[in-house]
Amino acid sequence: MTAEVLPHALAAMGIPPEITATYVANRPEQSPGEVLASVITDSIFTIPTIKLATAQRPHGTPYLYEFAWKSPLEGLGACHSLELAFMFDTLGTATSPLYGGVAPQELADQMHAVWVTFATTGDPGWPSYDTATRPVMTFDHPTSVLKAAPRAAELAVWGV
């Protein structure tokens, strides 16, 4: 995909031009295909998740996380469901080429411990989501970090 085609492709999917322009401006190092993937990911996963967490806030304590470790498969990145073998600590038996034999066990240990803690206590160990600080735990290797309002400028153009 070329930079000239990107706005037309996203417009055909119903993505307003100001959203495309914001992502392109914020991601100058990324290819048009990577920008396309980011916009689609946010439209399908991130934005609905934020809206659900915001709506759920009066009724409970929602916690948000992102999985950022990138598969070694060329061009795949950190895709949906890649985190499952980390979360359930099953990397040792994971036969999928998604992990490329290089998935960090340390990250699986960390994520699994967080999920066990959350299942037993209801608290994963970071602040629950709120619209003022927007905390999101980002799991990655070698370092996982709690981020406040990650990609705020991009998400703002979606109205969240």
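The values are calculated or read from the model by the stated rules, or taken from the named source; none is laboratory data. Because the structure is predicted, anything quoted here is derived from the model rather than measured. Areas reflect the complete protein model, heavy atoms only, side chains present, ligands, DNA and RNA absent. Shrake-Rupley method; radii C 1.70, N 1.55, O 1.52, S 1.80 Å.
Helix-derived [θ] at 222 nm for the chain: sum -39500 (n - 2.57) over DSSP H runs of at least 4, divide by residue count, nearest 500?
-11000 deg cm²/dmol
Which residue, ALA12, ALA68, ALA103, tops the fluctuation ranking in a GNM of the chain built on C-alpha contacts under 10 Å?
The residue that fluctuates most here is ALA12.
Please report, in whole Å, how far the alpha carbons of region 6-49 spread along each principal axis, starting with the longest.
Rounded to whole Å, the extents work out to 26, 19, 16 Å.
Please report Rg over Rh for the chain, where both radii come from the alpha carbon positions and Rh follows the Kirkwood definition.
0.99
At a 1.4 Å probe, what is the % contribution of carbon and sulfur to the accessible area of region 20-105?
Ligands and nucleic acids excluded, carbon and sulfur give 60 percent.
Can you check what the Kirkwood hydrodynamic radius comes to for region 67-149, Cα pairs only, in Å to one decimal? Show your work: numbers first, answer last.
Working: mean 1/r = 0.0736 Å⁻¹.
One over the average 1/r among Cα pairs gives 13.6 Å for region 67-149.
Antiparallel versus total DSSP beta bridges in the chain: what percent is that, nearest 5?
Of all bridge pairs located within the chain, approximately 55 percent are antiparallel.
Might you tell me the accessible area per residue for the chain, computed with a 1.4 Å probe and given in Å²?
Result: 56 Å² of accessible area for each residue.
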